[in-house]
Amino acid sequence: MASSTTMPMLSGSGPVPFTDVDDDTVPKRPAKEEFGGLVAALPRKQQGAMELRLYQGFWLSEHWVAGTVVFQRRFSRAGTTYPKCGTTWFKALAFAAMTRAYPHPQHEHPLLRLNPHDCVPFLDDIFADGQEAKLEALPSPRLMNTHMPYTLLPESVTGMGGIAGCKVVYICRDPKDKVVSMWHFLRRRWQPDLSFAELFEHVCDGSVVVGPIWDHVLSYWHASVARPDRVLFLKYEDLLNDACGNVRRLAGFMGRPFSAAEEHAGAVEGVVELCSFERMKRLEANRKGSLYHAVPRDAFFRKGVAGDWVNYMTPEMAARLDEIVREKFRGTGLVAA
Ligand code: PAP
């Protein structure tokens, strides 16, 4: 399994879509200007156009490292996910579940005009670009996302050391499907010539972005076992199998359980339908233009199924990755998908 995380902050009039309050007037001060020396001293690996640095046990994109240092040192409150494990879907579900009392009828819901990444900010890029002041404009409760492992999150998020902290939701996915999804994604923007075999080797030796995957997953798994009231651990495959049940669970965890009247009115099904792969993939906001650093929006909506790995991996590759993960998870109580 691999993963992704989001944190709701409760009380107040939010959440509102991030791009609706982001008027682009916040001056940029890239985190690298402040912590470039620290980043330059870290072990480095080049993978196509992507430069990775080993920071506190994880291979982070060079672009994110200085931002992570700022996040750790200066952030007061946030949420989290592993790349290609359902971040986009999860952002949509969490946002829709929290905004179901939106004053407009469903056909005007922000998710019909905005990509989920426009609604829930991605902290790693915001901190890397030195634009954290933008987050202050968001009314509570705020939903935010990061790809950082639990062990790299600041106390303002984890709530260690007597600080209030945030609620954290993590999504993991069968690592075999995650690798396939990541391969397609990397080829769309960073590494057009990347072979599947090459990426597979990086995954197995742990040197993939925000890897090792198993350490990332386990960081959240352990946190969810120790503090189930603060950390909710979900699986992409479970969301596919029972979207309604997991949306109920999510809403309850975020402090906005569905009332009997809402249940009766089909509010849970409404959230699931609004965020369905078929529906989201068709929307203009998810088909045209780009996000983050020139990533085409449609790259976030490929197939949306479990088990696609059989079309890319030999049985030997699958058995090898399964065995690595089984070994890493042994004795933790976590069972691989
Ligand atoms: P990110 O970490 O770069 O934001 P992320 O959203 O986690 O990416 O992963 C994208 C995967 O979620 C894609 O999987 P695939 O490559 O195996 O197809 C994408 O199709 C899937 N996905 C996106 N939206 C949905 C959705 N509404 N329902 C189900 N799966 C979805």
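Among the strands (runs of 3 or more DSSP E) confined wholly to the stretch 1-108, which include 3 or more residues that are modelled with pLDDT under 70?
It comes to 2-8.
Quick grid of which residues meet (1) within 17 Å of the chain's Cα centre (by Cα); (2) at pLDDT 95 or above:
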{"residue": "Pro141", "(1), (2)": "no, no"}
{"residue": "Pro154", "(1), (2)": "yes, no"}
{"residue": "Gly162", "(1), (2)": "no, no"}
{"residue": "Cys166", "(1), (2)": "yes, no"}
{"residue": "Arg188", "(1), (2)": "no, no"}
{"residue": "Asp193", "(1), (2)": "no, no"}
{"residue": "Phe200", "(1), (2)": "no, yes"}
{"residue": "Val217", "(1), (2)": "yes, yes"}
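For beta carbons closer than 7 Å, sequence separation of 6+ or different chains, a first residue in the stretch 280-300 that is farther than 16 Å from Gly86 by Cα and a second that is in a helix (DSSP H, G or I) and more than 12 Å from the ligand (Cβ to nearest atom), the qualifying pairs are Leu283/Leu112.
Pick out the one residue from Gly289, Gly270 that is touching a helix residue (DSSP H, G or I) at 6+ places or on another chain (Cβ under 7 Å), more than 12 Å from the ligand (Cβ to nearest atom) and closer than 13 Å to Ala92 by Cβ. Talk me through it step by step, then tell me what you get.
Values: Gly289 fails: closer than 13 Å to Ala92 by Cβ.
Just a single option satisfies the conditions, and that option is Gly270.
Inside the stretch 282-300, can you point out the residues that are closer than 24 Å to Pro212 by Cα, outside any helix (DSSP H, G or I) and of a type outside the set (Ser, Thr, Tyr)?
If we filter the stretch 282-300 for residues that are closer than 24 Å to Pro212 by Cα, which is where we start, we get 292-293, 295, 299-300.
Subsequent filtering for residues that are outside any helix (DSSP H, G or I) retains 292-293, 295.
Passing the criteria: His293, Val295.
Do you know which residues across the stretch 40-59 are buried (at least 20 other Cβ atoms within 10 Å of the Cβ) and in contact with a Lys or Arg (Cβ under 6 Å, 6 or more places away or on another chain)? Of everything in the stretch 40-59, those that are buried (at least 20 other Cβ atoms within 10 Å of the Cβ) and in contact with a Lys or Arg (Cβ under 6 Å, 6 or more places away or on another chain) turn out to be Leu52, Arg53. Taking the stretch 156-214 as the range and being charged (D, E, K, R) and either away from the ligand (no atom under 13 Å from the Cβ) or touching a Phe, Trp or Tyr at 6+ places or on another chain (Cβ under 8 Å) (or both) as the test, the residues that pass are Lys167, Arg173, Asp174, Lys176, Asp177, Lys178, Asp193, Glu198, Glu201, Asp205. Count of the stretch 301-328 residues, restricted to those that are without any contact (Cβ under 8 Å) to a residue 24 or more places away in the chain and in a helix (DSSP H, G or I), is 7. Please go through the stretch 159-173 and give me each residue that is touching a strand residue (DSSP E or B) at 6+ places or on another chain (Cβ under 8 Å) and surrounded by fewer than 24 Cβ atoms within 10 Å (Cβ to Cβ), ordered by number. Within the stretch 159-173, Lys167 is the sole residue that qualifies.
Against the numbered list (1) crowded, with 17+ Cβ neighbours inside 10 Å; (2) away from the ligand (no atom under 12 Å from the Cβ); (3) not in a loop (DSSP other than H, G, I, E, B), Leu334 comes up short only at (3).
The values are calculated or read from the model by the stated rules, or taken from the named source; none is laboratory data. Not measured: the values here are computed from a predicted model. Every residue, glycine among them, receives a Cβ derived from its backbone with ideal geometry; neighbour counts consider all protein chains shown.
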